[in-house]
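Note sheet for the following structure.
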Amino acid sequence: MVIQALSPTRVDIAGGTLDITPLTQILQHRQTVNFGITLHARVEIEKSEGTFRIASEDQGRHVAGSFEDVTRAGALPWLEKLLAFFWRKEWAPLNIRVQAKSPAGAGLGGSSCLGIAMASALLKARQDIGQPLKLTDHQLVQTVQDLETGLIRVPTGCQDYWGGLRGGINIISYPPGAIEVQTLQDSKAQALQDLLLLCYSGVSRASGTNNWAIFRRAFEGDQAILGILNEIGTLSECVARAVLAGQWSEVFKLSSQEWQLRTRMWSDVETAETKRITAAAQGAGAMFSRICGAGGGGVMAIFAEPAHHAKVKAAVQDAGGQILDGTVSFKGTEVQGSL
C-alpha cells in the first residue's frame, strides 16, 4: 500500500517578500496574491523492509539506513529534517520517494510546497499506524515554515506554503496576531487559467539571499526600502480587489507596476535572458509577463489571450525560453492511499 501526496507550486503576482514575518508588522500596507500551478511536488510513502530510505527522483539522490542514519545523512537535508520531526525511530521503517516537476531555482516556492506534500503524507502515515497528529491548516503551515527557516537560516515568508496547501488563487492578509487566507477556486481561477503560459528562462535563481538583504535593510531603518515596500503593499491591495472583481487587465497593469518597484530595490531582478523573453512574448501579443518569486532568473508567468498562445509560445522559444507544461491548479494538496 502506498500513500501519495501532491502539492501545487505557486506563482506570485503581487506582494511577495511582504509575507516574511515580522516584516508584515512594520508596514502600513501588506497583502500577497498568488495562485497554485500544476507543476506539482509529489511524495510517495510505503512501508519498508527493515530500513528507512528517502529517494529524490529529480535530484538523483538517495539515503538509506537506520532512522538515525537517514535523518542525519545530509544528502537530502530538507527531507531528512521533515522525517525527523514527523516520524519516530521506533515506528515502522518507511520508503519515501519524492519528485518535483518545478525546475531547480524556479522561483515557484518548490521546496516549501515539497515540505507541505512531505508533511501531509507523513501525517497520513501517522494516522494509519495509530499515531495521529492533528494540525489545522495554519498549524501545518507554521510548522513546515519553522522547520525550513531552521534549515536555511534566513527569514522565510508564508505564501509558498499556502499556495501549496490550497491551490487556487490566494489572497493573504496579515492583521496583528493572525494570517488570513482567502482562496478562490471558482470561475476567477478558470479565467486566469485560460490566459496563463509558463516559461523557464534557463537561469536558476536563489531568492533567499535577495529577500534577506531587503529584510535586513528594512529593519535597519532604510527609509527608501520601507517606502518601496509600502508602495508594493498598496499595489498588492489593489491587485486583490481587482482579482475579486475579475478585472484581469487591471490586475496585470497593477502587477506590472508592482514589478517595476521591485527593480528599484534590486537592479539584478531582471536578467538579459528574462528581458529578451519578455520582449519576445509581448511582441507576439502577450498582455503581460513577470518573473516568479524574487527574480534573477527562474520561471516566468506570461499572460496572453488564448488566440495568441501559439504565436507567443513560438516567440518565447525562439528567444531561448522553455515552455512548461503547467497551468493554474484548482486543487490544493491531495493525499490518497494508505500505508
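The values are calculated or read from the model by the stated rules, or taken from the named source; none is laboratory data. The structure presented is a predicted model; accordingly, all values stated were derived computationally and were not measured. As a convention, Cβ positions derive from the backbone with ideal geometry for all residues, glycine included, and neighbour counts pool all protein chains shown. Areas reflect the complete protein model, heavy atoms only, side chains present, ligands, DNA and RNA absent. Shrake-Rupley method; radii C 1.70, N 1.55, O 1.52, S 1.80 Å.
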D58's amide H: which non-local residues (gap 5+, or another chain) put their own amide H closer than 5 Å, with H modeled 1.01 Å from N in plane and none for Pro or chain starts?
A100
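Rounding to the nearest 20 debye, state how big the charge dipole of the stretch 144-303 is about its Cα centre with +1 on each Lys and Arg Cβ and -1 on each Asp and Glu Cβ. Walk me through the numbers on the way to the answer.
Values: 13 positive and 15 negative charges, 59 e Å.
Here the stretch 144-303 has a charge dipole of around 280 debye.
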The stretch 143-203 versus the stretch 287-339: alpha-carbon centroid distance in Å
15
For the stretch 215-248 versus the stretch 74-102, the gap between their alpha-carbon centres in whole angstrom:
36
Roughly how much of L23 is accessible, in Å² to the nearest 10, using a 1.4 Å probe?
0
Per residue accessible area in Å² of the chain, where ligands, DNA and RNA are left out and the probe is 1.4 Å
40
Please report the relative contact order for the chain, taking Cα pairs under 8 Å with a sequence separation of at least 6, and give it as a percent rounded to a whole number.
28
Which listed residue (T327, A286, M300) has the Cα farthest towards the positive end of the charge dipole for the stretch 267-339, taking +1 on Lys and Arg C-beta and -1 on Asp and Glu C-beta about the Cα centre?
A286
Once you keep just the Cα pairs under 8 angstrom separated by 6 or more residues, what percentage relative contact order results for the stretch 71-124?
41
Inter-label distance, nm, simple model (7 Å from Cα along the C-beta direction), Q127/S267:
5.3
If you take every DSSP beta bridge whose two residues both sit in the chain, what share of them, in percent to the nearest 5, is antiparallel?
95
Given only helices, namely DSSP H runs of n ≥ 4 each adding -39500 (n - 2.57), what is the per-residue ellipticity at 222 nm of the chain, to the nearest 500 deg cm²/dmol?
-13500 deg cm²/dmol
How large is the dipole of the chain about the Cα centre if only Lys and Arg carry +1 and Asp and Glu carry -1, each at its Cβ, rounded to the nearest 20 debye?
140
Zone of A104's modelled label, taken as backbone nitrogen in the stretch 300-332 under 20 Å from a point 7 Å along Cα→Cβ
300, 321-325
Taking 0.36 nm per residue of separation and subtracting the Cα-Cα distance, what length does fully extending Q336 through F85 add?
88.2 nm
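Taking a 1.4 Å probe, which of K313, K124, K275 shows the most accessible area, and what order do the others take after it?
K275, K313, K124
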Charge dipole (the chain, unit charges on Cβ, about Cα centre) - positive-most of G105, L147, A64:
A64
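Tally up the carbon and sulfur contribution to the accessible surface of the stretch 219-304 as a whole percent, 1.4 Å probe, everything protein left in place.
Heavy-atom surface of the stretch 219-304 belonging to carbon and sulfur, 1.4 Å probe: 49 percent.
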Placing unit charges on C-beta atoms (Lys and Arg positive, Asp and Glu negative, everything else neutral), compute the dipole magnitude of the stretch 1-137 about its Cα centre in debye, rounded to 20.
120
Among L226, A5, S256, whose Cα projects farthest towards the positive end of the dipole of the chain, with charges put on the beta-carbon of Lys, Arg (+1) and Asp, Glu (-1)?
A5
